[in-house]
């Protein structure tokens, strides 16, 4: 074999090796998302935003921050994106004040009740895959469950009538607060301690964290996986949400980004900090953007089911506020709808706003207590006809 032939063979061998490695990597990625009920990244092409459009929005958003936050607001992880393209993001304050570690795009913060949006999405994927039905009764899945009329649907839309666990554990003899409370403990208390319903099932709306504790247990029952693993396989890994995880009783506490009161006093863990489904997902604005982009695609769930997600179920009282299947909504007489979910746990506040028609997501997280987080909904007026109060000088 002459020298030229040797070089050609060597190059071919290297090329085949690279192709083989690439195939293995792709197969590994497919394997992660091989569940029939896993979410998938959005694949259709979206229009590219012009530099002029992005710059005009950036200026308006900067003005918003200068006016409302920068004088006295120290912690924020914030992002606005349209069509999967980040228009503006901001990361300020301490991820860990004691270590002088700053918040960054990769810092996972406790998203509090925004976790419900993700829990509901996993349930919806299971329904879409016919592993569950919306009208299934909980008695089908949990032996001795005492409420025969409670369904998957009435958990999702907060019409179950079940008491809030933070209330019934206060009853004498129900729980020793020196012990960490878990989801299974809550189910056991419900089935053994004769906890009555607060009201007849499906008669009206009451926001209740217990509903989503039970939905997390239902995910475990149907998938055969712990909630943290199921969420990882159904949502986090397929969508490459690499800085997102569930905190439960097995998670090392040092993995959790701490939260603070307004004066940077660290909020300690307590006996309720292992409960998940209603809260206890840690994530970043960038990861949540990936999630919402996938959820606002045709591949999320079938249209018939999707139509049931983004409608209100509670019209016993007049008003603009309502709740769908794992999402809050505001609806006005004009027909305009605004979808969102807020959260608050310890020093963490969060807001997740999705403008579905405009394919815009507005996300703000803070691990230092402030209600200003929720104010970012006003930025929706920059993208559509939403009747929120906003400084006229910030409008186009």
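No value in this document is a laboratory result; all are computed from the given coordinates. Keep in mind the model is a prediction, meaning the values are calculated, not measured. Methodologically, a virtual Cβ is constructed for each residue, glycine included, from the backbone with ideal geometry; neighbour enumeration extends over all protein chains shown.
Laid out as a table, the results:
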item: Per-residue Cβ neighbour rank within 10 angstrom, fewest leading, 375, 328, 253; result: 253, 375, 328
item: Largest to smallest principal axis extent of the C-alpha atoms in the chain, angstrom; result: 88, 57, 48
item: Gain on full stretching of the segment that runs from residue 264 to residue 357 - 0.36 nm per residue minus C-alpha separation; result: 29.6 nm
item: Residues in region 272-313 that a label on residue 176 would reach, taking backbone N under 17 Å of a point 7 Å out along Cα→Cβ; result: 272
item: GNM top mover of 250, 191, 373 - the chain, alpha-carbon springs below 10 Å; result: 250
item: Likely footprinting exposure, 57, 318, fewest C-beta neighbours within 10 Å first; result: 318, 57
item: Order of 69, 175 - criterion: other Cβ atoms within 10 Å of each residue's Cβ, fewest first; result: 175, 69
item: Average Cα contact separation per residue, region 43-142, under 8 Å, 6 or more apart, as relative contact order %; result: 16
item: Kirkwood Rh, angstrom, region 262-396 [1 / mean 1/r, Cα pairs]; result: 16.7
